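The values are calculated or read from the model by the stated rules, or taken from the named source; none is laboratory data. These numbers were taken from a predicted model, which means no experiment stands behind them. FYI the Cβ positions are ideal-geometry reconstructions off the backbone, even for glycines, and counts take in every protein chain you see. Remember, those area values only see protein heavy atoms, side chains included, never the ligands or the DNA or RNA. Shrake-Rupley method; radii C 1.70, N 1.55, O 1.52, S 1.80 Å.
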Amino acid sequence: MKKSYTITLIPGDGIGPEITKATIRVLEATGVHIEYKICLAGKTAEQQYGCSIPKETLESLYQTKVGLKGPLIVEPGSPPIVIGEPPRIYGSPNAALRGESHIFANVRPVKRFNGVPGRFSDLPINIVIVREVSEGIYVGGERKISSERAEATVVATQKAAERIIHFGFKLARNENRKKVTFVHKANVLPYTDGLYFNVFYSIARGYPEIVAEDRMIDAAAAQMVLNPLIYDVVIAPNQYGDILSDLAAAIAGGLGLGPGGNYGEKIAFFEACHGAAPDIAGRNIANPIGLILSGAMMLDYLGENEAADRIRKGVEEFLKRGENFTPDLGGTGTTMGIGESIASLIETAK
Ligand code: NAD
């Protein structure tokens with residue numbers, strides 16, 4: 001009998017509902033049966049529940065253990081989110097969703113597809129960024145000391161460092177990748193980044209077939225623009241990974257193409273690497289490919305690897321043909337147009 005899955009679907013804010021609709025059309029085209037429990041988060045949830053992470057959404061994630069998520073709007077300078085007893089404090093609804101689901105790894109594959117215009121269109125960029133998301137500066141807690149002084153704490157622990165670095169090396173081994181680069185600023189943060197740095201080289205010894213190297217984050221960013229082909233798998237503490245993954249997505253063809261997966265011990269949810277793009281929301285012109293490829297990562301996680309490959313092939317074929325591109329790729333096409341085109345490529349290839 002054919003397997004059926006139930007997942008939590010968070011359409012999110014801004015362009016989220018549009019790109020979600022196009023992604024569902026593509027997932028349906030694979031023939032994998034998925035039931036969606038639609039839940040709210042972010043601004044959309046605030047309007048209905050008075051809070052950006054309603055307990056119904058968390059309960060659904062705990063129950064289904066798998067989610068697909070659109071982006072959430074976070075106004076700069078908005079107050080932190082407090083959840084539970086004793087209170088857990090998060091800087092944004094995204095951080096809260098990850099924290100409450102015990103997510104520790106955010107994985108962002110960055111690939112240059114044929115047919116995508118851009119400055120680096122002749123380079124076969126193929127990088128996976130593995131970002132630690134359970135600690136670092138985003139989860140250490142910020143404090144307002146006075147109207148003229150604020151502080152934030154960076155958290156680094158041996159346990160989380162070992163977990164993410166093993167995760168990154170195992171991913172490299174499973175995908176037959178040759179090199180893992182650790183990015184840091186251990187020269188000026190000897191205790192926090194230094195801890196990760198030491199753990200990195202001690203764990204690297206257990207993966208002798210993979211080249212292990214490190215780079216300072218500032219030089220790593222410059223090198224990613226000057227020579228992206230030197231990167232294969234990149235392991236990064238929270239904030240550096242956040243910045244590098246947008247940078248990598250941008251050089252590989254634009255934010256609209258980048259997928260992402262958030263992995264914990266028990267729960268995983270998948271989301272594109274871009275934000276809610278309020279400047280283009282509601283106009284059916286957002287590129288849904290980042291979320292569509294995130295849907296493929298979700299199918300891999302569910303063990304539906306063949307269906308996931310069919311989505312990736314559909315995306316590759318669509319981009320190669322160069323038709324019906326959305327404005328971010330230089331065309332005049334629509335969000336749903338891309339969803340329909342990729343879905344019919346999958347259906348006709350069956
Ligand atoms: P953004 O990624 O939303 O947008 C940056 C630029 O890229 C904009 O010009 C936008 O139009 C464009 N863009 C992004 N995604 C696109 C797509 N799929 N197709 C075509 N163009 C696309 O970043 P921002 O403007 O800095 O943030 C907007 C909001 O999103 C903020 O509230 C921010 O906090 C939030 N955000 C959420 C997440 C998340 O939920 N994971 C991540 C990043 C930002």
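May I ask you to rank Arg173, Arg119 by accessible area, largest first, using a 1.4 Å probe over the protein chains only?
Details: Arg173 110, Arg119 225 Å².
Largest accessible area first, the list is Arg119, Arg173.
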Cα-based Rg/(2.2 N^0.38 Å) for the range 292-350, rounded to two decimals, is 1.14
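With N residues in the range 226-269, what two-decimal value do you get for its Cα radius of gyration over 2.2 N^0.38 Å?
Working: Rg = 12.1 Å, N = 44, 2.2 N^0.38 = 9.3 Å.
So the Cα radius of gyration is 1.30 times the expected 2.2 N^0.38 Å.
For Lys21, what charge total do you get from the other residues with a beta carbon under 12 Å from its beta carbon, if Lys and Arg give +1 and Asp and Glu give -1?
On the way: positive: Arg25; negative: Glu18, Glu28, Glu340.
Summing Lys/Arg as +1 and Asp/Glu as -1 gives -2.
Among 163-171, 186-194, 286-294, how do they line up from the highest to the lowest mean number of other beta-carbon atoms within 10 Å?
On the way: 163-171: 20.6, 186-194: 15.3, 286-294: 28.7.
Descending mean neighbour count gives 286-294, 163-171, 186-194.
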How high is the relative contact order of the range 91-189? Use alpha-carbon pairs under 8 Å, at least six apart in sequence, and give a whole percent. 22 percent
Rounded to the nearest 20 debye, dipole of the chain from Cβ charges on Lys, Arg, Asp, Glu: 560 debye
Which percent of Cα pairs goes in each bin when the distances of the range 99-225 are cut into 5 angstrom slices starting at zero? 2, 9, 16, 20, 19, 14, 9, 6, 3, 2, 0
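Efficiency by 1/(1 + (r/R0)^6): what FRET value for Asn174 and Asn284, r their Cβ-Cβ distance, R0 = 35 Å, to the nearest 0.05? Can you show the working numbers first?
On the way: r = 37 Å, r/R0 = 1.07.
Efficiency for this residue pair is about 0.40.
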How many Å³ per residue does the convex hull of the Cα positions in the range 153-199 occupy? 71 Å³
Long-range amide H contacts for Gly67: which residues qualify at under 5 Å (H placed 1.01 Å from N, peptide plane, sequence gap of 5 or more or a different chain)? Thr8, Ala268, Phe269, Phe270
In square nanometres, what is one fourth of the surface area of the convex hull spanned by the alpha carbons of the chain? 18.5 nm²
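From the Cα trace of the range 192-350, what convex hull volume per residue do you get, rounded to a whole Å³? Intermediate results must be reported in sequence, preceding the final value.
Details: hull volume 25.7 nm³, N = 159.
Spelled out: Cα convex hull of the range 192-350, divided by residues, is 162 Å³.
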The range 8-14 - phi-based ³J(HN,Hα) in whole Hz, Karplus 6.51/-1.76/1.60, Gly and Pro as x: 8, 10, 10, x, x, 10, x
Quick check: pseudo-label points 7 Å beyond the Cα along Cα→Cβ at Glu265 and Leu189, how many nm apart are they? 2.5 nm
Extension gain His33-Val225, at 0.36 nm per residue separation less the Cα-Cα distance, in nm? 65.0 nm
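Length gain on complete extension for the stretch Arg205 to Met1, per 0.36 nm per residue less the alpha carbon to alpha carbon distance?
Working: separation 204, 0.36 × 204 = 73.44 nm, distance 4.43 nm.
Taking 0.36 nm per residue and subtracting the Cα distance, the gain is 69.0 nm.
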